Every structure is written in structure tokens, then in C-alpha cells.
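What follows is a single structure, written as C-alpha cells, with notes after it.
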Amino acid sequence: MGNLKFQFKNTRYNRQEQMPEWGILRQRKLASAKVACIGSGGVKSTLLMALAAAGIGYIKIIEFDNVELSNLNRQTLFNNKQIGLPKGKCAIKLLKSINPDIKTIWLNEKVTEQNIDSLLEDCELIVEGGESPNNRNLVNEYCLKTNKPMVHASAQFSYGYVFSMLPEKKSACFACLFPTDYSRKKHTGAVPVWVVPVQIAGSLGANEVIKYFLGYKDKMIVNKQLAFSSLLLSQCFEYLKIPRKKDCPVCSKYYENKYGKNLKT
Ligand SMILES: [Zn+2]
């Protein structure tokens with residue numbers, strides 16, 4: 001069942017450039033893409049490796065944490081020799097070894113209300129992965145304010161989900177998805193999780209980033225979430241509709257300021 005048009009060359013991107021929905025021109029768009037990833041643990045561990053392999057030209061990692069033994073059951077970006085070392089440093093080292101043609105930057109910072117504008121200014125798309133509700137909400141608001149797309153991926157236990165926000169399309173924001181999370185300030189602490197849901201959610205999150213830069217915004221997981229649950233037992237995947245909440249205290253503020261009172265969702 002070979003494709004007669006397939007022209008194999010032993011180059012870095014040949015196998016994906018030969019995909020009809022991809023091509024050489026779209027690959028160039030990935031090369032000029034600038035993505036910020038908040039954190040490099042959890043699902044971002046897989047997500048970052050996928051972005052580097054696929055050829056996202058500029059990846060900025062904002063990470064202040066160190067590698068811990070308990071990370072290694074699922075965060076395949078790190079290894080046993082790196083316990084105690086800064087995650088960001090280890091992350092860019094591995095990403096560079098996967099793909100030396102891209103630029104990777106690590107900032108040893110914690111995102112705060114004061115520094116978020118300067119940290120994310122040069123990036124076009126933000127991969128959200130805050131460790132606390134407060135952090136997630138901060139990034140959500142930043143993306144609404146600056147009209148930048150946000151990709152959110154998460155995994156716990158044996159379930160996970162992916163959700164994207166496109167402010168230019170006035171889509172549901174993180175606070176529409178998790179209204180209770182928005183009002184919650186405290187971190188819930190460590191939860192059970194293992195490598196497979198982390199890798200699935202991370203890969204699906206990377207796929208969202210790739211769709212955006214290849215020009216498939218209308219195919220992104222917007223106003224819905226792609227969730228999978230109880231993978232050990234049922235392998236169930238489903239799309240759950242997340243319509244924008246017209247009374248959402250967060251996105252309403254930005255969409256109304258920006259686009260006027262008569263919102264169409
Ligand atoms: Zn909202």
C-alpha cells in the first residue's frame with residue numbers, strides 16, 4: 001500500500017513532510033514558531049520532547065524545580081543521574097540532543113503576576129502547566145489579555161485531558177472549564193499518577209501546538225475537552241463540550257473589553 005508520491009530522503013523531517021497535511025512549507029512554519037512551556041515535568045515532559053522532535057523552532061521553558069526520584073515513574077525527560085539537578089537545565093540538554101536545529105531556552109523562574117508579561121512576551125503560544133490553580137489562572141488571564149492561544153494538558157491517576165483556548169475566537173477559557181478551580185487558591189498536593197496517561201496527555205497537548213502552527217486552528221480542541229479515563233480498564237476517549245460561560249468572571253472581562261458587549265459564542 002505504498003504511496004507512489006512518497007520520496008524518501010534521510011533528512012530530519014522527511015517522514016512528516018511527506019504527509020499530505022504537513023508538507024515542506026508547513027514544516028517551515030514550525031521552524032519559526034515560538035512556544036513557551038510553563039514547567040517541564042508531568043505531561044510537559046512528553047510534550048516538550050514531541051515539540052523538539054517535530055521541529056518547533058523556539059522553545060522556552062520556565063521552570064524552577066529540581067528532578068526528584070518520585071518524578072521518574074512518568075517524566076521520561078529526566079533520568080536517575082539527574083536527581084537533584086534543575087529540571088530546566090536537564091530538559092534543554094535532552095531537547096538539544098534530540099534536535100540541535102532548534103533553539104531552546106530555560107529560565108529559572110517561577111511565574112508571578114509581576115514577571116509573567118516579560119517572561120512570555122516573545123512567545124506566540126503558551127503551554128500551560130501550572131502546578132497550582134493560582135498559576136493556571138494567571139496564565140489563563142495572560143493569554144486572554146494578550147490574545148495568545150493556550151494549550152492545557154493534564155493527567156492524574158489513569159485519566160487525563162487536553163483543552164485549548166483561542167482568545168481570537170472568543171473560546172471558552174480555563175475558568176469556564178473549571179469555575180471552582182478558579183476560586184481555589186491552594187495546591188492540592190501530590191496525586192497518584194503513572195507514565196501512560198502522562199504520555200498520552202502530553203502527546204495530545206503537543207498535537208494541539210502542532211495543529212496551531214501547521215494552520216489547523218479549526219481542528220483544535222476548543223470549546224471542548226478531549227478526555228480519557230480509566231485507561232487501565234476501559235480505554236475510553238471522549239470529547240466533552242465546554243461552551244463558553246457568558247457570565248464567566250474571567251474571559252467576559254477581556255472579551256467584552258476587546259470585542260464589545262454583544263458576544264457571540
Ligand atoms: Zn471563561
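Values for this structure:
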read-out: Positions within the range 27-39 being in contact with a helix residue (DSSP H, G or I) (Cβ under 7 Å, 6 or more places away or on another chain) and in a strand (DSSP E or B), in sequence order; value: V35, A36, C37, I38
read-out: Selection status of M49, touching a helix residue (DSSP H, G or I) at 6+ places or on another chain (Cβ under 8 Å), under 30 Å from C176 (Cα atoms), within 16 Å of the ligand (Cβ to nearest atom) and of a type in the set (A, V, I, L, M); value: no
read-out: From F78, F163, residue being under 17 Å from S45 (Cβ atoms) and touching a helix residue (DSSP H, G or I) at 6+ places or on another chain (Cβ under 7 Å); value: F78
read-out: Enumeration of residues in the range 63-85 that are in contact with a Lys or Arg (Cβ under 8 Å, 6 or more places away or on another chain) and β-branched (V, I, T); value: V67
read-out: Of all residues in the range 40-81 being without any contact (Cβ under 8 Å) to a residue 12 or more places away in the chain and not in a helix (DSSP H, G or I), the one that is surrounded by the most Cβ atoms within 10 Å (Cβ to Cβ); value: L72
read-out: Qualifying residue in the range 244-258 (condition: more than 12 Å from the ligand (Cβ to nearest atom), modelled with pLDDT of 95 or more and out of contact with any His (no Cβ under 6 Å at 6 or more places or on another chain)); value: no
read-out: Residue among Y161, Y142 that is closer than 23 Å to Q75 by Cβ, touching a residue at least 24 places away in the same chain (Cβ under 8 Å) and of a type in the set (F, W, Y); value: Y161
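The values are calculated or read from the model by the stated rules, or taken from the named source; none is laboratory data. Keep in mind that what you see is a predicted model, and the values were worked out from it rather than measured. Counting neighbours? That spans all protein chains shown, and the Cβs are built from the backbone with ideal geometry, glycine included.
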